[in-house]
1. So in the stretch 11-50, with the set limited to residues that are within 16 Å of the chain's Cα centre (by Cα), of a type in the set (A, V, I, L, M) and at pLDDT 95 or above, which one is farthest from ligand 1 (Cβ to nearest atom)?
2. Pull out all pairs, ordered by first then second residue, where Cβ-Cβ is under 6 Å, the residues are six or more apart or on different chains, the first lies in the stretch 128-142 and is open to solvent by less than 80 Å² (accessible area, probe 1.4 Å), and the second is away from ligand 1 (no atom under 15 Å from the Cβ) and not in a helix (DSSP H, G or I).
3. Take GLY207 and tell me if it is open to solvent by less than 30 Å² (accessible area, probe 1.4 Å), touching a residue at least 60 places away in the same chain (Cβ under 8 Å) and of a type outside the set (Lys, Arg).
4. Identify the single condition in (1) over 27 Å from GLY151 (Cβ atoms); (2) surrounded by 21 or more Cβ atoms within 10 Å (Cβ to Cβ) that ARG64 does not satisfy, given that it satisfies every other one.
5. If you take the residues in the stretch 106-148 that are among the hydroxyl-bearing types (Ser, Thr, Tyr) and part of a helix (DSSP H, G or I), which one is farthest from ARG177 (Cα to Cα)?
6. Any residue in the stretch 111-127 that's farther than 17 Å from ASN165 by Cα and away from ligand 2 (no atom under 14 Å from the Cβ): show its pairings with residues that are open to solvent by 50 Å² or more (accessible area, probe 1.4 Å) and not in a helix (DSSP H, G or I) at Cβ separation under 6 Å, as long as the two are six or more apart or on different chains.
7. Return yes when LYS38 is away from ligand 2 (no atom under 16 Å from the Cβ), closer than 15 Å to GLY265 by Cα, open to solvent by 10 Å² or more (accessible area, probe 1.4 Å) and out of contact with any strand residue (DSSP E or B) (no Cβ under 8 Å at 6 or more places or on another chain) and no when it is not.
8. Can we say PHE248 is within 27 Å of LYS206 (Cβ to Cβ), in a loop (DSSP other than H, G, I, E, B) and touching a strand residue (DSSP E or B) at 6+ places or on another chain (Cβ under 7 Å)?
Amino acid sequence: MLIDNHNRVINYLRLAVTDRCNLRCNYCMPSEGIDFAKREELLSIEELKEVGRTLTRMGIDKIRITGGEPFVRKDLMDLLRTLAEIESLKDISVTTNATLIGPYIDELKALGIKNVNVSMDAINRDTFERITRRDAYDTVHNNLIRLINEGFNVRINFIVLEGQNVQDILPILELQRRYDVSVRFLEEMPFNGGTKGFQSLKWNYKGILDYIKENYPDVEKLVDPPASTSLNYKIPGHKGSFGIIPSFSRTFCGSCNRLRITATGDVITCLYGKPKMNLRAFLRQPDVEGDMETAIRDVIGARAKTGHDAQQEYSKVFSNSMTSIGG
Ligand code: SAM
Ligand code: SF4
């Protein structure tokens, strides 16, 4: 079992498989001039498999595949097939923009991968295209509905962006009125490749909840699962539910159970902190000093208590893009 220096059990790995993406969401990255990692720095699929095997031996029982866009990696299914064979791994989930997932839906289902988070920050085509800077609304919407109809446990991630998609908050709730899905509203974080910095946020979790309550005064609070980052709610009569993730306010650090590994092998023990080590040497150089497991245990034994603490020692954190961290 992996336990950090604040007695938190770490059982959840967010594994980024690429930093590339076919969309250009304006809250995540600039439209051009993005400093993508060099190809040789990206972990190969065999290396990602080794990371999965090592971390599950150490106590990780849930892996979320993220990126960049995971499905731009042509060999993604090869990794997923291997992970699906690891018995101690209870949950494999994927976070995707749902542009490229279509051809893989049947195999994902066959592999027992049930949890798919789809990022969709607009239910209006023009707004979607303005935010993502690409023309992919129909594909995303069709794949989303297909995933729901195929019985996946779908959560829709919607970042509330002042001046961009606030008018879509109520319309996107229609999805959870009609379908058993969760629509999760995220506070925006200034991780967009450094083009936008902000210290305070109008659409924080309270602002989002108050806005929804103005229209649905009988919203009911649900009991949140352990280590959940979202505060979850139900509107009476609706099939699904909605949640709010205070990603900017960071009220969830006390129960944080997660570790992040980027597509280049950086180990991030807190979203707001510096990478603490890199796995490439352990994976690529047989004569490297020390072993990967001990090094990982060491950094988990020195985690910051909160995201605010981690940020104190890393003033440049917000010049990063989410596409390199994985969300
Ligand atoms: N491409 C996939 C997707 O969009 O779902 C996976 C990678 S994406 C970086 C992972 C998550 O990070 C997405 O849900 C996205 O909405 C979120 N994200 C990206 N930039 C963000 C930001 N500035 N603030 C809050 N969440 C962000
Ligand atoms: Fe790509 Fe996801 Fe970032 Fe959008 S949020 S640009 S889909 S990595």
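The values are calculated or read from the model by the stated rules, or taken from the named source; none is laboratory data. These figures come from a predicted structure and were not determined experimentally. Because the Cβ atoms are built from the backbone with ideal geometry, glycine has one as well, and the counts that use them run over all protein chains shown. Only protein heavy atoms, including side chains, enter the accessible area calculation; ligands, DNA and RNA are left aside. Shrake-Rupley method; radii C 1.70, N 1.55, O 1.52, S 1.80 Å.
1. For the stretch 11-50, the residue satisfying everything is LEU13.
2. GLU129/ASP135
3. Answer is no for this residue.
4. In the conditions (1) over 27 Å from GLY151 (Cβ atoms); (2) surrounded by 21 or more Cβ atoms within 10 Å (Cβ to Cβ), ARG64 misses (1) alone.
5. THR132
6. That search, which allows pairs on different chains as well, returns LYS114/ASN153; ASN115/ASN153.
7. Taking the combined requirement at face value, the residue satisfies it.
8. When the stated conditions are applied, PHE248 passes them.
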